[in-house]
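**Q** Dropping the structure in here first, questions after.
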Amino acid sequence: MHDPTKYSSFRRKPLTVGIDAVYGILEGGGTEIQALRFNKDKFTPEQARDWLKEHNFKPLSFEPAVEKEARFQHDADLPAGVQLLPKEARADWLREANMAQGSFSVVQAAAWIGLRKAGWARRNGAWVRGTGVGKRFDLAVKRQDDEKRQVFGWAIPLQKDGSPVTDLQGDMVDLPTLEFAAYDFVLHSREAGEMHEEGDKGRLIESFVASAEKYSALGVQNPDADKGWWVGFVLTEDTYKRVKSGALPMFSIQGVGERVAVSE
């Protein structure tokens with residue numbers, strides 16, 4: 001639907017039965033459908049074209065899925081936008097493309113999604129790579145609502161009972177980094193998975209970065225009040241059952257970041 005090089009990242013989600021949408025996330029915020037993937041077991045090329053026409057989609061190209069070897073072998077074979085990536089990012093893109101099957105556009109979309117999973121993101125016009133880490137804190141889900149399948153709790157704590165919080169991997173997060181991550185998640189994702197696997201397991205319904213400045217604005221004068229990122233999600237029925245049973249007792253955050261040593 002759109003040139004994939006204009007986006008900072010991608011997310012694939014089911015659109016309807018037999019059709020997945022690949023959403024391109026714009027660097028300045030917002031999303032739009034970059035490509036549509038039709039299940040070849042449910043749609044013939046003619047049926048897919050009819051669906052696009054009926055729903056007023058005007059694709060830049062339409063390519064029936066084909067089973068063939070990957071078409072990208074060297075840097076010179078890569079699309080122009082990919083050739084502008086850093087060398088390591090090009091190598092990751094090429095690897096992902098060579099593992100994908102399907103039409104030219106499908107392979108490209110899969111490679112861009114894979115690039116994001118490999119830790120690459122576009123920041124201020126440049127592609128950079130962080131370290132993808134799953135963060136776990138020893139903090140259980142604080143509140144549940146069985147009827148509404150809602151859960152609430154601290155996603156990333158900064159301070160508990162007046163003391164800084166260190167996660168289970170020995171890391172700490174400062175307030176500016178936390179705010180950036182929280183706001184980026186609200187802008188671009190708002191989606192919950194299970195055990196760091198992608199999927200529509202829940203949607204964000206509440207997000208609040210609790211800081212001393214905001215507490216002051218709210219009239220809370222306790223300097224030892226817990227601080228961090230408080231979230232709430234509404235979950236699918238199956239996932240909520242796993243939370244209620246104790247199989248999923250806490251929030252576990254995954255993202256891209258860079259570890260920096262700090263002095264005591």
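Every number here is computed from the coordinates shown, using simple stated rules; none is lab data. From a predicted model like this one, the values you see are computed outputs, not experimental measurements. Note: ideal-geometry Cβ built from the backbone for every residue, glycine included; neighbour counts use all protein chains shown.
**Q** Please report the net charge: other residues with Cβ closer than 14 Å to the Cβ of Val209, K and R +1, D and E -1.
**A** Details: positive: Lys214, Lys227; negative: Asp174, Glu179, Asp184, Glu206, Glu213, Asp226.
Its environment carries a net charge of -4.
**Q** For Arg116, Arg12, what ranking results if the residue with the fewest other Cβ atoms within 10 Å of its Cβ goes first?
**A** Arg12, Arg116
**Q** For Val128, Val243, what's the fewest-to-most ordering of other Cβ within 10 Å of each Cβ?
**A** Numbers: Val128 14, Val243 20.
Starting with the residue having the fewest Cβ neighbours, the order is Val128, Val243.
**Q** To the nearest 0.05, how large is the calculated FRET efficiency for Val17 and Ser163 if R₀ is 51 Å and r is the Cβ-Cβ distance? Working shown, then result.
**A** On the way: r = 51 Å, r/R0 = 1.00.
Given R0 = 51 Å and the Cβ-Cβ separation, E is 0.50.
**Q** A follow-up question, please. Cβ neighbours within 10 Å, averaged per peptide: list 39-48, 233-242, 81-90 in order, most packed at the top.
**A** On the way: 39-48: 12.9, 233-242: 16.6, 81-90: 14.8.
Listed from highest to lowest mean packing, they are 233-242, 81-90, 39-48.
**Q** A further question on this structure: Would you mind checking Lys13/Lys40; Lys160/Lys241; Lys13/Lys117; Lys13/Lys58 for any pair whose Cα atoms are more than 26 angstrom apart?
**A** Lys160/Lys241
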